[in-house]
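Please read the structure below before turning to the comments.
The values are calculated or read from the model by the stated rules, or taken from the named source; none is laboratory data. None of these values were measured; they are calculated from a predicted model. Ideal geometry is used to build each Cβ from the backbone, glycine not excepted, and the neighbour counts take in all protein chains shown.
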Amino acid sequence: MCGDLGSLSTAELETGRSFRVSGLDCAEEVAILNKVLGPTLGGTEHLSFDVINGRMVVADGASSITSDKIIKLVATTGMQASAWNADSAKADQATHLRRQGLFAALSGGFWALGFLYHIYETGLGGAVRLFSGHGQNPMPLPESALFLAGIVFGVWLVAPKAWASARRLSPDMNLLMVIAVAGALGLGVYFEAATVAFFFSLSLYLESWSVGRARNAVAALLDLAPPTVRVLHEDGTENDMRAAEVQPGAVFIVRGGDRIALDGEVVSGIGGVDQAPITGESALVVKEPGDEVFAGTINGEGTLHIRATKPASDTMLSKIIRMVEDAHSRRAEVEQWVAKFARIYTPGVLLLDIAIAIVPPLFFGGVWAYWFYNALVLLVIGCPCALVISTPVSIVAALASSARQGVLIKGGAYIEVPGKITALALDKTGTITEGAPEISDIVALKDMNEADLLAAAAALETRSSHPLARAILTRAKGEGIEAVPATDTKTVPGRGIEGIKDGRKLWLGSDRFAAEKGFAQDIPAKTRDRMEAAGSTLVVLGDETGALGMFELRDKIRANAKDVVARLHAQGVKTVVMLTGDNERTARAVAAEVGIDEVRAELLPDDKVAAVEELVATHDFVAMVGDGVNDAPAMARAHMGIAMGAIGSDAAVETADIALMTDDIGKLSWLIDHSRRTMRIIHQNIGFSLGIKAIFVALTAVGMATMWGAIAADVGVSLLVVANALRLLRARS
């Protein structure tokens, strides 16, 4: 049974020797392989595992040992290893699942035949007595043979693991079940032994099936990008090529209704592209020459000619897929707790079982057969199958469904925290506002006109990608002003930019920058107050003689910002703080309109880190939301970093713990709900598993439980927690 669905990073996948391990189904197998292989390899740090794909990697730094020797050592655990083959991995997983299904079906088939034979021999009344009498009535040889066949097929796949567990004196759930079956055979209760064997093999199959469902939800992302593209060559000819063979710079054609195979830039054509596979937003986004497009998105209309900018292995979609797969290595606290608990719980059940079998007969005159039977009942109900599968399947399902919603969570460790957030720090530009400011006014302070001011400002900002720079360049382009790049440009962090144009030293930046240069008196107080009161950003252009002019830039507040902040408060986020390098009055005007609790303005990157540290010191869980690049230091200092609008930004996806692939801040509220829903389902599963088992342990201790009740409870709870966990694959919008 699974207690962990993976612990292998992308970097580790690319180094060392990889093996496909048949039977590697859970954290217990990982512990076994570490114990058996670790000493030979020079330590367990040389072993890594991807349980969800049944993969083991031996690092290059391990002690010298042949692959054949590794395969032989794995065989001593009851598992089988072979050299990893990526092309056949999916087929191997399907074969493993079919094999489990076949043995479960054969076990169930012979069990059913034995039961039908009993009805044929004794009638329905005999069938009832078979249940009520624990199956202890003498059985005809054909009936016993049918039940025995069901037992053999039911334990066939787990018997090697159980034997290996017994030899290591390290009990696991496979050993518990095999002992229960063997004990039932010893009592002559073939029917109950066959029932235990069948349902245990069925539960193993259902577990693999449920993990496969979660794995397929991730693998479905791979199918978003088509495997081939129609490449347009320089001579005008076209031909189909495998996407993996197309190099950056090649131009390919995407017709209306087709999926885009590679990240790229539109060269010609106009079309509405559905970016839902990446961002979770289904509204069509108009793409025209110069716009960026992403693999896996759908061209809704028109034909686009696109120049590939990245190879297939490095597209935004491939990064998302790798990160979702790697996410299994960062296990949630509750998942780690379940795994640790199971390691203590299983030997504990075996010890309690021994006590129930021998204490009443030895000290209280109990009947040996009766209490031995009760001990077998405890073994069945004590199997921690439902407990250890409930959490990892829930985590994988939650990660996969959030990815489909355009929210990339980098691991189970990060799926718990959003539901606990008590303070949220937000960058202003691009988060609370749209991040696309426009020049609303230009004020000349000396003998320069608006066109000259725009030309000078554009010259300084030509090579900048800052939103304010884009606003200036857009306005200059709109007025037909050619931006000739200034020379010797130098960015002053948190202040502005300096450079030389036509032999004249110019500077452009905030009014604070102007004040630091000694030109605060050049800025009309009345004009500055008006701009700041309106929530605008003031940018001053000057030279060595003083301020030459002022630009008023206004960034629209997002339409849903106020509602989102209100929802965050309703969800229990006590403090929402805005961190910005903008001036105090502008920041407070925006905060007042949106409903933000606190404002920290005129901050440099280091100041943002200090502000987050203050929040961390006074709040239980602090999240920092930023663009994933400039805000990276502050995001790293918070308990959780969330990249806002990460689409198109590789750095944002790489840096944050969680990346919102669209710039919709409403996803923050969705993320908190999703986190809490996931944890509710996990806690429900743990409660169901432990609660039912506790009831049956108590009943067994007083001799009131039956094997049938134990089987029904164990299988029923396993089915219940799997179904409950898989509900998370249907993410709520």
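Structure data summary
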| quantity | calculated |
| --- | --- |
| Output for region 658-707, where each listed residue is surrounded by 22 or more Cβ atoms within 10 Å (Cβ to Cβ), farther than 25 Å from A397 by Cα and hydroxyl-bearing (S, T, Y) | T700 |
| Residue check, I686 at pLDDT 75 or above and within 19 Å of the chain's Cα centre (by Cα) | no |
| Residues of region 562-586 that turn out to be in contact with an Asp or Glu (Cβ under 8 Å, 6 or more places away or on another chain) and assigned to a helix (DSSP H, G or I), as a count | 4 |
| Matching residues, region 461-473, being more than 20 Å from G581 (Cα to Cα) and modelled with pLDDT of 80 or more | T462, L473 |
| Selected residue [touching a Phe, Trp or Tyr at 6+ places or on another chain (Cβ under 7 Å) and not aliphatic (A, V, I, L, M)] from T433, T429, T422 | T422 |
| Residue within region 118-141 that is modelled with pLDDT of 65 or more, part of a helix (DSSP H, G or I) and surrounded by 18 or more Cβ atoms within 10 Å (Cβ to Cβ) present | yes |
| Qualifying residues in region 226-257 (those that are among the basic types (K, R) and free of Cβ contacts under 8 Å to residues at least 40 places away in the same chain) - the one nearest to V286 (Cα to Cα) | R230 |
| Residue that is modelled with the lowest pLDDT, among those in region 156-188 that are assigned to a loop (DSSP other than H, G, I, E, B) and either in contact with a Phe, Trp or Tyr (Cβ under 8 Å, 6 or more places away or on another chain) or surrounded by fewer than 18 Cβ atoms within 10 Å (Cβ to Cβ) (or both) | S170 |
| Members of region 156-194 that are aromatic (F, W, Y) and either over 20 Å from G23 (Cα atoms) or not assigned by TED's automatic domain parsing to the domain that holds G108 (or both) | Y190, F191 |
| Given (1) surrounded by fewer than 15 Cβ atoms within 10 Å (Cβ to Cβ); (2) closer than 27 Å to A659 by Cβ, number of the condition D529 does not satisfy | (2) |
| Index of the failed condition, G518 passing every other in (1) assigned to a loop (DSSP other than H, G, I, E, B); (2) on the phi < 0 side of the Ramachandran plot | (2) |
| Search result, residues across region 397-412 that are assigned to a helix (DSSP H, G or I) and farther than 17 Å from A723 by Cα | S402, A403, R404, G412 |
| Filter result (touching a Lys or Arg at 6+ places or on another chain (Cβ under 9 Å) and of a type outside the set (D, E, K, R)) within region 138-177 | L157, S170, N174, L175 |
| Some residue of region 42-49 being over 24 Å from the mean Cα position of the chain (by Cα), farther than 25 Å from A397 by Cα, surrounded by 16 or more Cβ atoms within 10 Å (Cβ to Cβ) and modelled with pLDDT of 85 or more | no |
| Residues of region 661-678 classified as modelled with pLDDT under 90 and in a helix (DSSP H, G or I), total | 2 |
| Qualifying residue in region 509-517 (condition: closer than 24 Å to R585 by Cα, of a type in the set (S, T, Y) and surrounded by 20 or more Cβ atoms within 10 Å (Cβ to Cβ)) | yes |
| Residue tally, condition under 23 Å from H466 (Cα atoms) and either at pLDDT 85 or above or touching a His at 6+ places or on another chain (Cβ under 8 Å) (or both), over region 488-511 | 16 |
| Top-ranked residue in region 465-504 [being surrounded by 12 or more Cβ atoms within 10 Å (Cβ to Cβ) and among the polar types (S, T, N, Q); ranked as farthest from D452 (Cα to Cα)] | T491 |
| Test: residue in region 596-605 that is surrounded by fewer than 18 Cβ atoms within 10 Å (Cβ to Cβ), closer than 27 Å to V417 by Cα, in contact (Cβ under 8 Å) with a residue 24 or more places away in the chain and within 27 Å of the chain's Cα centre (by Cα) | no |
| Single condition A559 does not satisfy, out of (1) surrounded by fewer than 21 Cβ atoms within 10 Å (Cβ to Cβ); (2) touching a residue at least 12 places away in the same chain (Cβ under 8 Å) | (2) |
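Table: residues versus (1) over 33 Å from the mean Cα position of the chain (by Cα); (2) without any contact (Cβ under 8 Å) to a residue 24 or more places away in the chain; (3) assigned by TED's automatic domain parsing to the domain that holds A159.
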{"site": "V30", "(1), (2), (3)": "no, no, no"}
{"site": "G38", "(1), (2), (3)": "no, yes, no"}
{"site": "A59", "(1), (2), (3)": "no, no, no"}
{"site": "I70", "(1), (2), (3)": "no, no, no"}
{"site": "G109", "(1), (2), (3)": "yes, no, yes"}
{"site": "L113", "(1), (2), (3)": "yes, no, yes"}
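Quick grid of which residues meet (1) assigned by TED's automatic domain parsing to the domain that holds I179; (2) in a helix (DSSP H, G or I); (3) at pLDDT below 70:
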residue: M241; (1), (2), (3): no, no, no
residue: A261; (1), (2), (3): no, no, no
residue: P289; (1), (2), (3): no, no, no
residue: G302; (1), (2), (3): no, no, no
residue: A342; (1), (2), (3): yes, yes, yes
residue: A357; (1), (2), (3): yes, yes, no
